[in-house]
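Worksheet: one structure, shown below.
The values are calculated or read from the model by the stated rules, or taken from the named source; none is laboratory data. For clarity, every value in this text was computed on a predicted model and none was experimentally measured. Here the Cβ positions follow ideal geometry from the backbone for every residue, glycine too, while neighbour counts run over all protein chains shown.
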Amino acid sequence: MKIAFIGLGNMGGAMAHNLLKAGQQVFGFDLSEKALNTFASQGGIVCESPQTAAAQADVVISMLPAAKHVRDVYLGEDGVLAVLKAGSLCIDCSTIDPKTIQDIAKTAQDKGIQICDAPVSGGTIGAQAGTLTFMVGANSQTFEAVQPILSFMGKNTVSCGEVGAGQIAKICNNLILGISMAAVAEGMALGAKLGIDAHALAGVINSSSGRCWSSEVCNPWPEISPNAPASRGYTDGFANQLMLKDLGLAVEAAGQVQQPVLLGGLVQQLYQQMCLQGKNHLDFSSVIQQYLPQP
Ligand code: NAD
């Protein structure tokens, strides 16, 4: 298969590497020379623009920072939709708002190009290991077509509905995650202030109704969850700035449909505060530092 891969950063670089390891021919483009050099050293074919890459491929995959980059890569001056043949397939794996991909899909579908959103969960570790989960928004024909391609980069491919539904699933999940992490941080910090041992408290929560992924797998208190970022100085996790971005997407999407996201708006401010304090790159469980400077 000939695949154009646009956006070879922390996630996209590892995903493209897995495609190469699976024997696919990959034409890559990124604005970063470092990303392109790594891609070339893994056997990727470096291209000068998104169009040059897409013109040689049947499938385009994009993994870009935000909606403006995705819009640019598909619809901009050097955009890929202008050069793709009818019957080609586009898969955007970036986390963006649902409306942007729905707008792009209108132009793609007018040209007979199949397109879907397929945001991921699993982070950089999942991207490297090829164990990502893809949340796909596509019609049934496109969903069938993307499954074998996504299987080179992930373990699970979930059909969420029509184009945009993958993004809706992703931002709703991360809204809950951002809130649940802040809730666990608040509870653990209060417990410490009131004098209970953190391990005893976590043990009770994790066998009671407060139990959730944030309390059990990624507890914000150091040394509770052995493999959690909190146990290694909040490094190498899901960065505060990415959580802030995803909460921004949820709050923005809620505004478009006039749906209240009361807790989402509140915790967005907590992660905003973390970023303002220069803690952008720390794992989002470090939000506990809003309650106790040094848990
Ligand atoms: P990143 O910043 O490491 O990579 C993005 C890459 O896109 C960069 O190399 C950048 O140079 C490139 N780029 C920007 N504009 C471009 C353009 N116009 N043309 C070509 N390349 C361009 O970011 P990342 O961590 O790889 O995240 C990518 C996406 O995945 C984001 O939408 C993010 O929200 C999402 N995501 C990230 C994680 C994670 O843990 N990092 C987890 C889930 C989802």
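In the range 105-121, which residue that is more than 16 Å from Gly87 (Cβ to Cβ) and among the aliphatic types (A, V, I, L, M) is farthest from the ligand (Cβ to nearest atom)? Per the stated criteria, the residue is Ala118.
Before we move on, is Ala14 touching a residue at least 60 places away in the same chain (Cβ under 8 Å) and within 23 Å of Phe238 (Cα to Cα)? Judged against the criteria, Ala14 is a match. Within the option set Leu64, Leu84, being in a loop (DSSP other than H, G, I, E, B) and under 26 Å from Gly255 (Cα atoms) holds for one residue only, Leu64. Of all the listed residues (Gln109, Gln102), the sole one being assigned to a helix (DSSP H, G or I) and either over 24 Å from the mean Cα position of the chain (by Cα) or not assigned by TED's automatic domain parsing to the domain that holds Ile149 (or both) is Gln109. For the range 1-60, taking the residues that are among the aromatic types (Phe, Trp, Tyr) and assigned to a strand (DSSP E or B), the one that is farthest from the ligand (Cβ to nearest atom) is identified as Phe27. Only one entry of Leu270, Leu247, Leu194 meets the criterion of being outside the structural domain of Gly123 (by TED's automatic domain parsing), farther than 19 Å from Pro293 by Cα, at pLDDT 95 or above and of a type outside the set (Phe, Trp, Tyr), and that entry is Leu247.
Of the residues in the range 122-146, how many are part of a helix (DSSP H, G or I), more than 14 Å from the ligand (Cβ to nearest atom) and buried (at least 19 other Cβ atoms within 10 Å of the Cβ)? Within the range 122-146, residues that are part of a helix (DSSP H, G or I), more than 14 Å from the ligand (Cβ to nearest atom) and buried (at least 19 other Cβ atoms within 10 Å of the Cβ) number 3. Within the range 199-244, track down each residue that is over 30 Å from Gly166 (Cβ atoms) and either polar (S, T, N, Q) or not assigned by TED's automatic domain parsing to the domain that holds Cys172 (or both). Those that are over 30 Å from Gly166 (Cβ atoms) and either polar (S, T, N, Q) or not assigned by TED's automatic domain parsing to the domain that holds Cys172 (or both): Asn206, Ser207, Ser208, Ser209, Ser231. Filtered by the rule that a residue be within 16 Å of the ligand (Cβ to nearest atom) and farther than 20 Å from Gln273 by Cα, the range 166-213 gives Gly166, Gln167, Ile168, Ala169, Lys170, Ile171, Cys172, Asn173, Trp213.
Kindly indicate whether any position in the range 269-277 is closer than 22 Å to Ala67 by Cα, surrounded by 22 or more Cβ atoms within 10 Å (Cβ to Cβ) and within 22 Å of the chain's Cα centre (by Cα). Yes: one or more hits.
For the range 178-233, filtered to residues that are under 28 Å from Leu262 (Cα atoms) and basic (Lys, Arg), the residue that is farthest from the chain's Cα centre (by Cα) is Lys193.
Of all residues in the range 241-273, those satisfying the criterion of being in contact with a Leu (Cβ under 7 Å, 6 or more places away or on another chain) and either farther than 24 Å from Glu223 by Cα or hydrophobic (A, V, I, L, M, F, W, C) (or both) are Leu247, Ala250, Val261, Gly264, Val267, Gln268, Gln272.
The criterion of at least 2 residues that are among the aliphatic types (A, V, I, L, M) and on the phi < 0 side of the Ramachandran plot is met by the following helices (runs of 4 or more DSSP H) wholly inside the range 204-295: 240-256, 262-276. All conditions in (1) outside any strand (DSSP E or B); (2) free of Cβ contacts under 8 Å to residues at least 24 places away in the same chain; (3) within 21 Å of Ser88 (Cα to Cα) hold for Ser159, with the sole exception of (1). Based on what the data block shows, is Ala53 within 23 Å of Met153 (Cα to Cα) and either surrounded by 16 or more Cβ atoms within 10 Å (Cβ to Cβ) or assigned by TED's automatic domain parsing to the domain that holds Thr133 (or both)? Answer is yes for this residue.
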